[in-house]
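Presented below is the structure to which this report refers.
Since every read-out is calculated from the coordinates, none of them should be taken as a lab result. Since this is a predicted model, take the numbers as computed values, not measurements. When we count neighbours, we look across all protein chains shown, and the Cβ atoms used for this are built from the backbone with ideal geometry, even at glycine.
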Amino acid sequence: METNTLNSPEIANLLERLFNDADASEPALQAVIDSGASQLLNSKTRYRELYGLLKEVPLPVSRETGQLLYMLIRSTHAHNVLEFGTSLGVSTIYIAAALRDNGGGRVITTEFEASKVARARENLKEAGLIDLVEIREGDALETLATGLPETVDLVLLDGAKSLYGDILQLLEGHLRSGSLVLADDARLSSDFVNLIRSDTKRYLSVPLTGDMEISMRLS
Ligand SMILES: C[S@@+](CC[C@H](N)C(=O)[O-])C[C@H]1O[C@@H](n2cnc3c(N)ncnc32)[C@H](O)[C@@H]1O
């Protein structure tokens, strides 16, 4: 019988709680936006400041994006997944649930806010998925620079938008023909979108509704 770990009451209840918490944090997010700090979104040097201001704000992917991640990982039988931007681990739960239902695998995810790393670890333990997850604490430019699996089947870009292109470059040697790259909030990363769409020999790339860019490595 096919399993769907997402439907287990423990995980469904946990995700519901995490999405409710995220909804409740909207005013805190708005306050950061109103302070003018969102102009740091484009900075390649001051992104740490922006996310420091947001360290109490969960910023999860949407439910639909979570479900899309689950479907893509199941349907492609992905085994090795990389995630840039863990926050409290909502997307990581969807990814790890899909790996569980695929029969196993590993997701490497990375986050520089120590308090978020601790909360993500607790959430993944509560979900019963921590055995599939490696959380690397630190800046992705360093944590993803070494120690990656030879081949990565799917990448989720969901950290500092100004770094999407740099992170793609770090990972490029690990992508195979057919690997998928999903970039959340791609609208905020036009450099990345221009880069990946113009590299037509190596990538096929299309926007999805809800501000996601999905790209497939061709060769
Ligand atoms: C949009 S949130 C991630 C949400 C998460 N994927 C989820 O669905 O729950 C972005 C996170 O990336 C982290 N981040 C941003 N830039 C980073 C970097 N260069 N290295 C590590 N973490 C980073 C931020 O602290 C923030 O928690």
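What's the total number of residues in the stretch 92-106 that are within 11 Å of the ligand (Cβ to nearest atom), in contact with a Leu (Cβ under 6 Å, 6 or more places away or on another chain) and of a type outside the set (Phe, Trp, Tyr)?
Applying the first criterion (within 11 Å of the ligand (Cβ to nearest atom)) to the stretch 92-106 yields 92-95.
Next cut, in contact with a Leu (Cβ under 6 Å, 6 or more places away or on another chain) only: 94-95.
Filter once more, so that each one left must be of a type outside the set (Phe, Trp, Tyr): 95.
Total satisfying the criteria: 1.
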## Note on the structure
Among (1) of a type outside the set (A, V, I, L, M); (2) away from the ligand (no atom under 12 Å from the Cβ); (3) under 21 Å from residue 205 (Cβ atoms); (4) not in a helix (DSSP H, G or I), residue 128 falls short only on (3)
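Step by step: first the residues of the stretch 74-91, then only those that are more than 13 Å from the chain's Cα centre (by Cα) and assigned to a helix (DSSP H, G or I), then the one that is farthest from the ligand (Cβ to nearest atom). Which residue is that? Working first, answer last.
Initial filter on the stretch 74-91 (more than 13 Å from the chain's Cα centre (by Cα)): 74-80.
Add one more test, that the residue is assigned to a helix (DSSP H, G or I), and what stays is 74-75.
Details: 74: 18, 75: 20 Å.
Here the residue is 75.
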### Query
Being surrounded by 16 or more Cβ atoms within 10 Å (Cβ to Cβ), more than 25 Å from residue 51 (Cα to Cα) and within 16 Å of the chain's Cα centre (by Cα), is that true of even one residue in the stretch 172-183?
yes
#### Entry: Selected residue (criterion: nearest to the ligand (Cβ to nearest atom)) from residues of the stretch 166-191 that are touching a strand residue (DSSP E or B) at 6+ places or on another chain (Cβ under 8 Å), of a type in the set (Ser, Thr, Tyr) and outside any loop (DSSP other than H, G, I, E, B)
179
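Based on this model, can you work out whether residue 116 counts as closer than 22 Å to residue 139 by Cα, in a loop (DSSP other than H, G, I, E, B) and of a type in the set (D, E, K, R)? Write out each step before concluding.
Numbers: closer than 22 Å to residue 139 by Cα: yes; in a loop (DSSP other than H, G, I, E, B): no; of a type in the set (D, E, K, R): yes.
Criteria not met by residue 116.
Of the residues 113, 142, only one is without any contact (Cβ under 8 Å) to a residue 24 or more places away in the chain, within 11 Å of the ligand (Cβ to nearest atom) and of a type outside the set (Gly, Ala, Ser); which?
Of 113, 142, the one residue that is without any contact (Cβ under 8 Å) to a residue 24 or more places away in the chain, within 11 Å of the ligand (Cβ to nearest atom) and of a type outside the set (Gly, Ala, Ser) is 142.
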### Message
Taking the conditions exactly as written (in a helix (DSSP H, G or I), under 21 Å from residue 155 (Cα atoms) and either free of Cβ contacts under 8 Å to residues at least 60 places away in the same chain or under 19 Å from the mean Cα position of the chain (by Cα) (or both)), does residue 52 satisfy them or not?
### Response
no
### Query
When residues of the stretch 149-165 are filtered for being more than 8 Å from the ligand (Cβ to nearest atom) and either part of a helix (DSSP H, G or I) or within 16 Å of the chain's Cα centre (by Cα) (or both), how many remain?
9
